[in-house]
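Just dropping this structure here.
The values are calculated or read from the model by the stated rules, or taken from the named source; none is laboratory data. Because the structure is a prediction, the values reported are computed rather than measured. For neighbour counting, all protein chains shown are included, and Cβ atoms are generated from backbone atoms with ideal geometry for every residue, glycine included.
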Amino acid sequence: MTDDDGSSLDGIRRRAVRMQHTRERPGDSPLRGLGAFGVIGWSIAIPTVGGALLGLWLDRVARQRFSWTLAL
């Protein structure tokens, strides 16, 4: 082994320690909060719009005294 091999092993070791530290203690990121906000928003928006569209379709296909759109 030469001196180059020793220094490269130390560099790899330092990088591995940094990566492990980052995995164990992730920093607070504004993107993490924005991502959570987006997931919550889509989990509310998709069922709402889907229910309205299903209700409109049922209003045309299965006529009732009540509105499927309002019921769903």
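Residue by residue through region 30-58, note down the ones that are among the polar types (S, T, N, Q) and within 14 Å of the chain's Cα centre (by Cα).
Taking region 30-58 as the starting set, the residues that turn out to be among the polar types (S, T, N, Q) are 43, 48.
Selection gives S43 alone.
Return yes or no: is V17 closer than 30 Å to L72 by Cα and modelled with pLDDT of 80 or more?
no
Can you tell me which residue among R13, R25 is within 27 Å of the chain's Cα centre (by Cα) and among the basic types (K, R)?
That would be R25, the only listed residue that is within 27 Å of the chain's Cα centre (by Cα) and among the basic types (K, R).
Here's the yes/no breakdown for (1) of a type outside the set (A, V, I, L, M, F, W, C); (2) surrounded by 10 or more Cβ atoms within 10 Å (Cβ to Cβ):
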{"residue": "E24", "(1), (2)": "yes, no"}
{"residue": "S29", "(1), (2)": "yes, no"}
{"residue": "R32", "(1), (2)": "yes, yes"}
{"residue": "L54", "(1), (2)": "no, yes"}
{"residue": "L58", "(1), (2)": "no, yes"}
{"residue": "A62", "(1), (2)": "no, no"}
{"residue": "T69", "(1), (2)": "yes, yes"}
{"residue": "L72", "(1), (2)": "no, yes"}
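I'd like to check which helices (runs of 4 or more DSSP H) are fully inside the chain and have at least 1 residues that are in contact with a Phe, Trp or Tyr (Cβ under 9 Å, 6 or more places away or on another chain).
The qualifying helices (runs of 4 or more DSSP H) are 30-61, 68-71.
Right, here's the next one. Read through the list (1) in contact with a Pro (Cβ under 9 Å, 6 or more places away or on another chain); (2) at pLDDT 85 or above, then give the number of the only condition that W42 fails.
(1)
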